[in-house]
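Chemist: Please find one structure pasted underneath; my questions will follow.
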Amino acid sequence: MRNKVSHGEYLAFLSVKYEVDPDKLFYGLISAEKEQKSACGNLSIECRGNQKSKSIFLLTNGPKVVAQFSIPKKFLLEKTNPIKNLRKTVMFRRHLAKKKDEARSFCIKDLQIGMKQINLRAKVLEIAEPTLVFTRFGNYASVANALIADKTGRIKMCLWNEQINSIAIGNIVQIENASISTFRGEKQLRVGKTGALRVVENSGS
């Protein structure tokens, strides 16, 4: 568990992530402390022992270990569930984060040379034959241009090495943390090492 996050906040986060009712999680921890094991939703809870004024718990989701952490015994003696209200806060934060990500998404018509940290969803219309180039790093690399489009326009996207074979004509792709540059006077989208390119839909050509 991260030191800067309280026990209640961390448990609230797990409750949201694994879609477990906060009451079931709280009382599941109490039950596990008494009976050593309990279950709540798709999570299993095991009390692994006690350490001074704390109890150590292991949470699993099937064969996967979710977390192991210690909780002060006084936390489990709270009369009202401390996870419940914090869960609302966690959900609100996730909602804001999602909205923020959506706000950073662009349409092709809005792209300008010099822009960075661009998120974009588009359809692959064309992929040119790759060519072998000698880079400034002293090695050879494959490079190809792809033509992508959304409902607002079209733009060329520069693909390097494994990026070329990661997409196909007709794919709907999600592009993250890209930038806009110019090549031979033409605007071009670039997905560098810090960016991401993935197929979200195989719609065919």
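The values are calculated or read from the model by the stated rules, or taken from the named source; none is laboratory data. Only a predicted model underlies this, so the values are computations on that prediction, with no experimental measurement involved. Here Cβ is always computed from backbone atoms with ideal geometry, including for glycine, and neighbour counts include all displayed protein chains.
Chemist: For the stretch 50-103, which positions are modelled with pLDDT of 90 or more and either touching a Gly at 6+ places or on another chain (Cβ under 6 Å) or not assigned by TED's automatic domain parsing to the domain that holds residue 33 (or both)?
Modeler: Correct list: 56 only.
Chemist: Further question on the same structure: Among the residues of the stretch 164-186, which ones are touching a strand residue (DSSP E or B) at 6+ places or on another chain (Cβ under 6 Å) and polar (S, T, N, Q)?
Modeler: The answer is 171, 174, 179, 181.
Chemist: What are the residues in the stretch 130-154 that are assigned to a strand (DSSP E or B), more than 18 Å from residue 199 (Cα to Cα) and hydrophobic (A, V, I, L, M, F, W, C), if any?
Modeler: Matches in the stretch 130-154: 132, 133, 134, 141, 143.
Chemist: Which numbered condition in (1) under 18 Å from residue 8 (Cα atoms); (2) outside any strand (DSSP E or B); (3) without any contact (Cβ under 8 Å) to a residue 60 or more places away in the chain is the only one that residue 83 fails?
Modeler: Going through the list (1) under 18 Å from residue 8 (Cα atoms); (2) outside any strand (DSSP E or B); (3) without any contact (Cβ under 8 Å) to a residue 60 or more places away in the chain, residue 83 breaks only (3).
Chemist: Of all residues in the stretch 1-12, count the ones that are part of a helix (DSSP H, G or I) and either charged (D, E, K, R) or farther than 16 Å from residue 73 by Cβ (or both). Outline the logic, then answer.
Modeler: Quick first cut of the stretch 1-12, residues part of a helix (DSSP H, G or I) only: 7-12.
Next cut, either charged (D, E, K, R) or farther than 16 Å from residue 73 by Cβ (or both) only: 9-10, 12.
Summing the residues that are part of a helix (DSSP H, G or I) and either charged (D, E, K, R) or farther than 16 Å from residue 73 by Cβ (or both) in the stretch 1-12 gives 3.
Chemist: Looking only at the stretch 36-70, which residues are surrounded by 12 or more Cβ atoms within 10 Å (Cβ to Cβ) and hydrophobic (A, V, I, L, M, F, W, C)?
Modeler: 39, 40, 43, 45, 47, 56, 57, 58, 59, 66, 67, 69, listed by residue number.
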